[in-house]
Amino acid sequence: MQRPPGCLSPKPHFREGCRFAVGLLSKNIPNVTSFYQCRLLHATLSRKGLEEFFDDPKNWGEEKVKSGASWTCQQLRNKSNEDLHKLWYVLLKERNMLLTLEQEAKRQRLPMPSPERLEKVVDSMDALDKVVQEREDALRLLQTGQEKARPGAWRRDIFGRIIWHKFKQWPIPWYLNKRYNRKRFFAMPYVERFVRLRFEKYARTESRKKSLKKKKEKILQEKFPRLSEAQKSSLA
């Protein structure tokens, strides 16, 4: 069956890839062939699916997997904010992968290969978080002169404890604010005795911890005399 004159062809006019863009260009533009080469050039990483949550197939079935040391604060302080931002997501992906591996090992009732990798990643993320917090505090001190992120003051509560009271914005003055006036930032004289008892209890607890630590060290030295001698020689 013939189509009437003027009827459009049923073939679509769009083309895949960069050919569609080339078809829209005028004929006067030189070096049109360079657009065809753009299809083979990719500067981004390849997209992956759920395999990102699993370890490298080369490490499957291995009891020990080699890994480097964790990042220290001194190493992270030398990096820029952009590098720290990228490193955070790299560590986050590694942590998710190791958590998946740990859960799979528990499900199969098998030992996890090199479980210390998870501890190293967690230590690295803690160090990175600490470095970022240091930079935020330094910037805040430079701009506002405030030590804390939220302004406040050291005050004493009704139990005699010294606490950090965070300031809060109110729509009315403090002397008209009944909710604020209900707070008590002082302690009665009879509370001082209990404050002294609390300090004594804390001091006894710390002394017990120190004595217990010394006893454990003494037992280990008697049990492993060679290690104690090596430690003394290294300190000397």
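The values are calculated or read from the model by the stated rules, or taken from the named source; none is laboratory data. Everything numeric here is computed off the predicted structure, so don't read it as measured data. With ideal geometry, Cβ positions are generated from the backbone for all residues, glycine too; neighbour counts draw on all protein chains shown. All accessible areas refer to the heavy atoms of the entire protein, side chains included, with ligands and DNA or RNA removed. Shrake-Rupley method; radii C 1.70, N 1.55, O 1.52, S 1.80 Å.
Taking the numbered list (1) open to solvent by 90 Å² or more (accessible area, probe 1.4 Å); (2) in contact (Cβ under 8 Å) with a residue 24 or more places away in the chain; (3) within 30 Å of GLN169 (Cβ to Cβ) in turn, PRO111 passes all entries but (3). Residues of the range 176-206 that are within 41 Å of the chain's Cα centre (by Cα), touching a residue at least 12 places away in the same chain (Cβ under 8 Å) and outside any helix (DSSP H, G or I): ARG184, PHE185, PHE186, ALA187.
Scanning the range 132-157 for residues that are in a helix (DSSP H, G or I), touching a helix residue (DSSP H, G or I) at 6+ places or on another chain (Cβ under 9 Å) and of a type outside the set (A, V, I, L, M) yields a total of 2. Out of GLU134, GLU51, GLU62, GLU104, one residue alone is open to solvent by 40 Å² or more (accessible area, probe 1.4 Å), acidic (Asp, Glu) and within 20 Å of the chain's Cα centre (by Cα). It is GLU134. Any idea which of (1) surrounded by 12 or more Cβ atoms within 10 Å (Cβ to Cβ); (2) modelled with pLDDT of 90 or more is the one ASP83 doesn't satisfy? Condition not satisfied by ASP83: (1). Of all residues in the range 214-229, at least one satisfies being part of a loop (DSSP other than H, G, I, E, B) and open to solvent by 80 Å² or more (accessible area, probe 1.4 Å).
Scanning the range 160-178 for residues that are exposed (fewer than 12 other Cβ atoms within 10 Å of the Cβ) and within 24 Å of VAL191 (Cα to Cα) gives ILE162, TRP164, LYS166. Going through (1) open to solvent by 100 Å² or more (accessible area, probe 1.4 Å); (2) in a helix (DSSP H, G or I) one by one, ASP126 falls short only on (1).
Only a single item in (1) at pLDDT 75 or above; (2) in a helix (DSSP H, G or I); (3) under 30 Å from VAL132 (Cβ atoms) is not met by LYS66, and it is number (2). Scoring SER124 on the criteria (1) within 30 Å of ILE163 (Cα to Cα); (2) hydroxyl-bearing (Ser, Thr, Tyr); (3) modelled with pLDDT of 90 or more leaves a single failure, condition (1). Taken over the range 69-107, the residue count meeting the criterion of being within 15 Å of MET125 (Cβ to Cβ) and outside any helix (DSSP H, G or I) is 5.
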